[in-house]
Amino acid sequence: MSYSELLKPINSFLQCATPQEWIEEAIKPENFSMLLLDHLICELKAAQSAMFLIRKYAVDKSGGNALLDWLQPFEQLIYKREGNWRELAAKNKLTKSVIPKSDSPYGQDLIDKMVLLIKEELHHFYQVLEMMDHYGVEYKSITPSRYAKGMLKHVKTHEPETLVDKLICGAYIEARSCERFAELAPHVDKRLGDFYISLLRSEARHYQDYLELAQSIAPASIKAKVEHFGKIEADLITSPDADFKFHSGMPNQAK
Ligand SMILES: [Fe+2]
Ligand SMILES: [Fe+2]
């Protein structure tokens, strides 16, 4: 499938396109490091939130611990600045099998989709580190953007709505990332642009996996919920946002 075909369902799922003003801001040399750093953190967050979902909803205790061990060297690098990033590629594996909790109504499908997703996100994380090394971008800690929190605060507080809403938010984050990679690719250095294009395929599948899981868990059609979160998402993308990040809104026009 060509990448324009991959993007068709994504662009119709998203309720707005990325504003041209954001793209112009993103390709300014002074924002180059921030974009890569924030991308790095987004890949780790994607792995962490998928892991949180399966640990909370689907796996037994020993599987939960195996999942934590898997993520640990990646988190240590970011939060404690420990370890050599070049060794992480070899550490991206799950050592024990992950078994569904006996009382989990969600089970194997959630585990299988999320384990594959985590593996891919951690691989992306490593690839962003390679890009940072190539372009000489030093790691430093940064504050998160308003984007994910801005959606997650609308998640319902009772089950199964909470899980369904979180999965829908996950679908939007993946879809928006995919759309922005495609928008950025033609405007950046070839090596980085090729990397962005290489990410499209897995992020497009991630968005679909999240949506399918949401629909399989929800007791009724998720159409109205998808619309609802789509509006919130589009508002975060099109409203003014002074804090430039990968998922930020309309850049400050005054700058
Ligand atoms: Fe990713
Ligand atoms: Fe993803």
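The table below lists the values:
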{"item": "Number of positions in the range 142-165 that are open to solvent by 60 Å² or more (accessible area, probe 1.4 Å) and either within 16 Å of ligand 2 (Cβ to nearest atom) or free of Cβ contacts under 8 Å to residues at least 12 places away in the same chain (or both)", "result": "6"}
{"item": "The range 236-255, residues that are open to solvent by 80 Å² or more (accessible area, probe 1.4 Å) and closer than 11 Å to residue 21 by Cβ", "result": "240, 253, 255"}
{"item": "Some residue of the range 2-19 being more than 18 Å from the chain's Cα centre (by Cα), open to solvent by less than 40 Å² (accessible area, probe 1.4 Å) and at pLDDT 90 or above", "result": "yes"}
{"item": "Residue 30 vs. criteria touching an Asp or Glu at 6+ places or on another chain (Cβ under 6 Å) and among the acidic types (Asp, Glu)", "result": "no"}
{"item": "Unique match (being open to solvent by less than 30 Å² (accessible area, probe 1.4 Å), touching a His at 6+ places or on another chain (Cβ under 6 Å), assigned to a helix (DSSP H, G or I) and in contact (Cβ under 8 Å) with a residue 24 or more places away in the chain) among 174, 233", "result": "174"}
{"item": "Test set (1) in a loop (DSSP other than H, G, I, E, B); (2) farther than 13 Å from residue 22 by Cα - residue 185 fails condition number", "result": "(1)"}
{"item": "The range 190-222 - residue that is within 16 Å of ligand 2 (Cβ to nearest atom) and either in contact with a strand residue (DSSP E or B) (Cβ under 9 Å, 6 or more places away or on another chain) or of a type in the set (Gly, Ala, Ser) (or both) and, of those, nearest to residue 53 (Cα to Cα)", "result": "214"}
{"item": "Given (1) over 16 Å from residue 199 (Cβ atoms); (2) part of a helix (DSSP H, G or I), index of the condition residue 10 fails", "result": "(1)"}
{"item": "So residue 57, is it surrounded by 13 or more Cβ atoms within 10 Å (Cβ to Cβ), more than 22 Å from the chain's Cα centre (by Cα), away from ligand 1 (no atom under 15 Å from the Cβ) and in contact (Cβ under 8 Å) with a residue 40 or more places away in the chain", "result": "no"}
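The values are calculated or read from the model by the stated rules, or taken from the named source; none is laboratory data. No experiment lies behind these values; they were computed from the predicted model shown. Positions of Cβ are backbone-derived with ideal geometry, glycine not excepted, and every protein chain shown enters the neighbour counts. Surface areas here come from the heavy atoms of the whole protein model, side chains and all, with no ligands, DNA or RNA. Shrake-Rupley method; radii C 1.70, N 1.55, O 1.52, S 1.80 Å.
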